[in-house]
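Just so you know, all these numbers are worked out from the coordinates, no wet-lab data involved. The shown structure was predicted, so the numbers you read here are calculated from the model rather than taken from an experiment. Here Cβ is always computed from backbone atoms with ideal geometry, including for glycine, and neighbour counts include all displayed protein chains.
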Amino acid sequence: MKRLIIALALAGTAAGTLAGCGGDDKKDAAKGPEVAWATKVCGAVDQSAARVALPSTSSDPKQYRRNVVTFLGDVSTRLKSMEASLQSAGSPPVSGGQGSVDQALAKLRTTRASVEQARARLAKVQITDQRSLQREMQKLSKVMVTSATYRGPKEDLRANPALTKAFDNADNCKTAPAKP
């Protein structure tokens, strides 16, 4: 159960790895329109990628369920915000760029739908004790497989070599490589 929650926290903020520390928009614009686009994406995603706090633990299984439901709602909200940010950036000016964005958006939507489905299910089930909570969390983990393995739009967009180059050249997109 704890592993699932940690994986969800990572999934909910994985997209934030697109963003690094601030960059110089004018300097990046001079590097080309694709770098300017990457700068715009990193800045927008950074605003919606703040870390999601793990749900606080409780010895009361009903309270813990409420905490997890709230946590899942927060993750879903962050993913929706990232989706909107990526859409507002428009089409990247590189070959195959829109296809890369469409794939990243599809994965964001799939992940958000999985999180939302899990949140709705957990909110409805009856929890009476630790055993019933554990049983429901095990069921939840099966629904959450997609979300728990999601690495964020950074990895999706970097599948396009031209976007990888743009992100690598945009000052506010520079981060340490994601670990598998």
Among LYS80/LYS139; LYS80/LYS107; LYS31/LYS174; LYS80/LYS165, the pairs whose Cα-Cα distance exceeds 20 Å are LYS80/LYS139; LYS80/LYS165
Taking every other residue with Cβ under 10 Å from the Cβ of LEU72 and scoring Lys and Arg +1, Asp and Glu -1, one gets 0
Of the convex hull enclosing the alpha-carbon atoms of region 106-168, the direction-averaged projected area in nm² is 5.1 nm²
Output row, site ALA159, 7 Å Cα→C-beta label point, backbone N cut-off 20 Å, window region 72-101, residues 79-80, 82-101
Mean separation of Cα contacts under 8 Å (at least 6 apart) over the residue count of region 41-110, i.e. the relative contact order in percent, is 34 percent
Taking a crude spin-label model, label points 7 Å out from Cα along the C-beta direction, the ASP129 to SER56 distance in nm is 2.7 nm
In terms of the alpha carbon gyration tensor, root eigenvalues a ≥ b ≥ c, rounded if a/c is under 1.5 and otherwise prolate when a/b exceeds b/c or oblate, region 70-180 is prolate
In nanometres, the difference between 0.36 nm per residue of separation and the alpha-carbon distance of LYS80 and LYS139 is 18.8 nm
The Rg/Rh figure for region 36-99, Cα atoms and Kirkwood Rh, to two decimals is 1.21
